[in-house]
Amino acid sequence: MPAASSARKPRILLAKPGLDGHDRGVKVVGMALRDAGMEVIYLGLRQSASSIVSAAQQEDVDLIGLSVLSGVHLAITARLIAERDQLGLQSVPVIVGGTIPADDAQELLRLGAAAVFPVGFDLAAMVDAVRELALGAREAANA
Amino acid sequence: MNRATTERQTESGIPVKALYTSDDIASDSPARIGAPGRPPFTRGPYEQMYRERLWTMRQYSGFGSAEDTNQRYRYLLEQGQTALSVAFDLPTQLGLDSDHELAEDEVGRVGVAIDTAQDMCDLFDGLPLDQLSVNFTINATAPIILAFYLVAAERQGVAQASLSGTLQNDILKEFLARKTFIFPPMESVRVACDVVEYCSTTLPRFNPISITGYHAREAGCSAVQELAFTFADAIAYCDHLVARGVPFDSFASRLSFHFASQMDFFEEVAKVRAARRMWCTIATERYGAKDENSTRLRFFSGCSGATLTAQQPLNNVVRSTLQCLAAVLGGAQSIHVMGYDEAYEIPSEESVRLALRTQQIIGLESGVTNTVDPLAGSYFVESLTDSVQAKATEILEQIQAEGGAIEAISAGVLQRWIAENSYAEARAIADGSRPKVGVNLYATDEEEVPATLFTPDLSAAERQRARLDRARSLRDPAAVAAAISQVVQAAGSGSNVMPSILDAARVGASVGEIADAMRGQFGEYREPQPW
């Protein structure tokens, strides 16, 4: 592994897009990622796709995590990925958590999400997956 | 390891012994337990409880447009539901019209979209408001929704005095969980109290606020914290009203409460028995209540979504049954049972019917309603009721020492307690120390999903935007502008916002327009960072 990728902790941006305020899950995820040695920036509630991707750019993050429990994950994720690509941040993976039926999880992956964590995901497995995705993204960006 | 000697505790950490005897009940216990319908109300708010009348079966529902939800309400009433409970979509809860850019994906999604008083009239089309108790889960925009409801009643020819139901209108708990706040905490409390004050003189059968621990609990706090948060919020509202010069006894009997019912069966029963006793003490000692009704706590019990699992979803039917039974044995006045499929979607018609049947079977077949407070006198339940009350009172005093609910919320203290507790719970499930059947025990590899899921109608948002356009085209713009300026004036001057909002509703002003009038005066709130 090149020295550049291990020089800093993985930087993770978490946000709640849309109007949903159920933030129990995103906070648990944030605390678990911090305990696992990652740097977590939580943007908070009611974020638009453009505010999230511009924060991702400014903060130079390795991964964007969205939490949506109001059922609007498909539209919001599609918009966010389009805006991310417009900014040239294709190497920053997007993951989505929340109340997500299985068919929609498949659809999110097809839209370009790197991973989906519906209600009931395993916390330890999520932490491992996020670390791996974030480090992979760093390497790709440095390559 | 010898299982029998392992230390046990309740979900909120109260130690539980192997055996309880008369030694575990304090000598002054008979007075504290008392009689049902009499202070301190440990045994229930009414003398005859369910012998006289079963609890109100109130399934929360709403989606799409007013017409879509009206159909679901007719269905639920035909199925034997005894009252309505309106779920609003997020734009309505946040004071955004359906054509606002932030509302784009969310119109009609998690609840019904209501833009103007005309939508409210259509929501209750054919449903007589003088005969139906209606619950409104609405907070930041509660005065606007109340005004629309009053207009709907006027157009049905129903007098305000004969309306019954509940407006959630507990904005403080929105800063703790669910987070549909708009204005800063202090201004929000003022608006909530405007509603309570208005209703205290005009709507004698209506509960203008439902002070709620449910959402903080679902967001992860413990049962004892739930009680402490609820009463800290109650004290913030009551202090504000009393400071305004509204006599405590003029509104206190119409305060209602809302608690969660989760998995620790006896702790849930003990919690609501303790809650009644705590409120009786607060009302009497802090506010000098003279009317006994001001000291009588009545509550709505919401079974828990947070305890339900996506894995093996039918297990949730069993969890909900236990939670509903705990609510009944705790003496709830109304109950909502979750749909077993809520980890996936808003509940399907089938799952809502099963939730209602769960209540009906407990109420009509199980026999538990034949006598009042059947668990009274249990050494364990009485001892646990005392312990829950003592721990909750200690936390409440801690919050009051921080300056009370508004201060503690503004500083993010309570939000941090909730997040810490929910993280501890998530880790306990992850490491297996807290059993969760189908998740960390007896898990299967096969994917099990509910047979039928609710399918959102994506055209509902378009239809709602068309309804809003039509409503706007039919009104008198000058009358709306004049009414809105009255709302601005009331909000800015500190006089009660309700009368001007009601006038604005009558001339067709929208949720977004009325909320904007208040936003301009109060500003919008951004919450503190969680860490």
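The values are calculated or read from the model by the stated rules, or taken from the named source; none is laboratory data. Treat the numbers as computed from the prediction; the structure is a model and nothing was measured. Every residue, glycine among them, receives a Cβ derived from its backbone with ideal geometry; neighbour counts consider all protein chains shown.
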**Asked** Quick check: anything in segment B:288-298 modelled with pLDDT under 95, assigned to a loop (DSSP other than H, G, I, E, B) and of a type in the set (Gly, Ala, Ser)?
**Response** no
**Asked** Would segment B:264-285 turn up any residue that is in contact with a strand residue (DSSP E or B) (Cβ under 7 Å, 6 or more places away or on another chain), closer than 30 Å to residue B:430 by Cα and without any contact (Cβ under 8 Å) to a residue 60 or more places away in the chain?
**Response** no
**Request:** Determine the pairs where a residue that is without any contact (Cβ under 8 Å) to a residue 12 or more places away in the chain, located within segment B:409-436, has a partner that is of a type outside the set (D, E, K, R) and not in a helix (DSSP H, G or I) with Cβ atoms under 8 Å apart, the partner being 6 or more residues away or on another chain.
**Result:** B:429/B:439; B:429/B:440; B:430/B:440; B:432/B:440; B:432/B:441; B:434/B:440; B:435/B:441
**Message:** Given the criteria over 24 Å from residue B:347 (Cβ atoms), assigned to a helix (DSSP H, G or I) and more than 12 Å from the chain's Cα centre (by Cα), does residue A:45 qualify?
**Reply:** no
**Asked** Could you say whether any residue in segment A:121-141 is surrounded by 22 or more Cβ atoms within 10 Å (Cβ to Cβ), under 15 Å from the mean Cα position of the chain (by Cα) and within 14 Å of another protein chain (Cβ to nearest Cβ)?
**Response** no
**Prompt:** Quick one: how many residues across segment B:248-263 are crowded, with 21+ Cβ neighbours inside 10 Å, under 22 Å from residue B:335 (Cα atoms) and of a type outside the set (Gly, Ala, Ser)?
**Reply:** 5
**Message:** Name the single residue that is farthest from residue B:502 (Cα to Cα) among those in segment B:178-222 being aliphatic (A, V, I, L, M) and within 11 Å of another protein chain (Cβ to nearest Cβ).
**Reply:** B:219
**Message:** Please count how many residues of segment B:442-469 are modelled with pLDDT under 95 and either at the interface with chain A (Cβ under 10 Å from one of its Cβ atoms) or under 29 Å from residue B:318 (Cβ atoms) (or both).
**Reply:** 15
**Asked** What tally of residues in segment B:93-104 results from selecting those that are within 10 Å of chain A (Cβ to nearest Cβ) and surrounded by 22 or more Cβ atoms within 10 Å (Cβ to Cβ)?
**Response** 4
**Prompt:** Which one of these does residue B:343 not meet: (1) out of contact with any strand residue (DSSP E or B) (no Cβ under 6 Å at 6 or more places or on another chain); (2) touching a residue at least 24 places away in the same chain (Cβ under 8 Å); (3) aliphatic (A, V, I, L, M); (4) within 30 Å of residue B:372 (Cβ to Cβ)?
**Reply:** (4)
**Residues of segment B:215-247 that turn out to be over 17 Å from residue B:394 (Cβ atoms), crowded, with 24+ Cβ neighbours inside 10 Å and either at pLDDT below 95 or β-branched (Val, Ile, Thr) (or both), as a count** = 0
**Request:** Could you please tell me which pairs satisfy a Cβ distance under 7 Å, a separation of 6+ or placement on different chains, a first residue in segment A:17-45 that is closer than 20 Å to residue B:426 by Cα and more than 7 Å from every other protein chain (Cβ to nearest Cβ), and a second residue that is of a type in the set (S, T, N, Q) and buried (at least 23 other Cβ atoms within 10 Å of the Cβ)?
**Result:** A:25/A:67; A:26/A:67
**Fill in**
residue A:61 passes all but one of the listed conditions (1) in contact (Cβ under 8 Å) with a residue 40 or more places away in the chain; (2) within 14 Å of chain B (Cβ to nearest Cβ); (3) not acidic (Asp, Glu); the exception is number (2)
**Message:** I'm trying to understand the selection: among the residues of segment B:47-74, which are more than 25 Å from residue A:72 (Cβ to Cβ) and not in a loop (DSSP other than H, G, I, E, B)?
**Reply:** B:49, B:50, B:51, B:56, B:57, B:74
**Single unsatisfied condition, residue B:87 versus (1) within 14 Å of chain A (Cβ to nearest Cβ); (2) over 17 Å from the mean Cα position of the chain (by Cα); (3) surrounded by fewer than 22 Cβ atoms within 10 Å (Cβ to Cβ); (4) not in a helix (DSSP H, G or I)** = (2)
**Complete:** Per the list (1) touching a helix residue (DSSP H, G or I) at 6+ places or on another chain (Cβ under 9 Å); (2) more than 19 Å from residue B:426 (Cβ to Cβ); (3) modelled with pLDDT of 95 or more; (4) within 14 Å of chain B (Cβ to nearest Cβ), residue check on residue A:70 breaks on (3)
**Item:** segment B:308-323, subset in a helix (DSSP H, G or I), buried (at least 21 other Cβ atoms within 10 Å of the Cβ) and of a type outside the set (Ser, Thr, Tyr), residue nearest to the other protein chains (Cβ to nearest Cβ)
**Value:** B:316
**Prompt:** Given the residues B:43, B:32, which is the only one that is charged (D, E, K, R) and either modelled with pLDDT under 90 or outside any loop (DSSP other than H, G, I, E, B) (or both)?
**Reply:** B:32
**Residue that is surrounded by the most Cβ atoms within 10 Å (Cβ to Cβ), among those in segment A:73-90 that are of a type outside the set (Lys, Arg) and within 12 Å of chain B (Cβ to nearest Cβ)** = A:73
**Request:** Restricting attention to helices (runs of 4 or more DSSP H) lying wholly within segment B:430-516, give those where 3 or more residues are of a type in the set (Lys, Arg).
**Result:** B:460-473
